[in-house]
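Student: Below is the structure I would like to discuss, written out as structure tokens.
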Amino acid sequence: MDRDFRSLVAWFFNFLNGIAVLAGACFLAWLWLQLGGENPFRHSVGTALLLAAVLFVLNVLRLLYFRRSGGENDDYIMSHGGAGGGVRVAIEAIRNELKAAAEELPEVTRCRVSIVRPGPKRVKIHAAYNAREGSNILEISDKLRRVLRERFQEMVPLGEGARVEVEIVFESFAGKAPKKSGEEEEKGLEPPPFTGPRYPVDEDS
């Protein structure tokens, strides 16, 4: 949710930037028309007008490229794994499935997953998780990265040239350590090995 909000704010400021450039270009065009042909400032205003027009075109192209290439607010990712053609997979479904796969790990108590698309051939998975007390964070992070990557590729094959990046963030310990297995519990309940009689020994025995 936080990443979606930042993306929306960034797009809004880019839009305002384009409006400001357009307003500046219009003002320069009006000023250029008002100046007479012999005015020494007319050439400088014309140069500034040309630069403003180029900047405005670049802003428009940037907004259109971000909209076309996909970003954090896209609702679907195109899967290219089907023999009959591509399939659009909802990002919400992918996010929920990755979250479920992460929380199947016994050491993970909670995981939040978000998906970012920096480009048409690049997908970034961000996972922030809580682990049980006493867990090895490095081992869990490696395992979680592998599980998320494999599950994503099973759901959404992206085709050649695509790149999937997984960013793991450990947030805190939450929850007790995993219970011991039945075999370990039985070992803990076994009586200690016999080491010979202990003294003093009863006279009646």
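The values are calculated or read from the model by the stated rules, or taken from the named source; none is laboratory data. All of these numbers come straight from a predicted model, not from anything done at the bench. Cβ atoms come from the backbone with ideal geometry, glycine included; neighbour counts cover every protein chain shown. Remember, those area values only see protein heavy atoms, side chains included, never the ligands or the DNA or RNA. Shrake-Rupley method; radii C 1.70, N 1.55, O 1.52, S 1.80 Å.
Student: Filter segment 172-205 down to residues that are at pLDDT below 70 and not in a loop (DSSP other than H, G, I, E, B) and give me whichever is farthest from the chain's Cα centre (by Cα).
Tutor: If we take residues in segment 172-205 being at pLDDT below 70 and not in a loop (DSSP other than H, G, I, E, B), then Leu189 is farthest from the chain's Cα centre (by Cα).
Student: A further question on this structure: Which residues, taken from segment 125-171, are open to solvent by less than 60 Å² (accessible area, probe 1.4 Å) and in a helix (DSSP H, G or I)?
Tutor: Within segment 125-171, Ile137, Ile140, Ser141, Leu144, Val147, Leu148, Phe152, Met155 meet the criteria.
Student: Does Val113 count as modelled with pLDDT of 95 or more, buried (at least 16 other Cβ atoms within 10 Å of the Cβ) and either under 30 Å from Gly86 (Cβ atoms) or among the polar types (S, T, N, Q) (or both)?
Tutor: yes
Student: Which of the residues that make up segment 90-124 are part of a helix (DSSP H, G or I) and of a type in the set (Lys, Arg)?
Tutor: Arg95, Lys99
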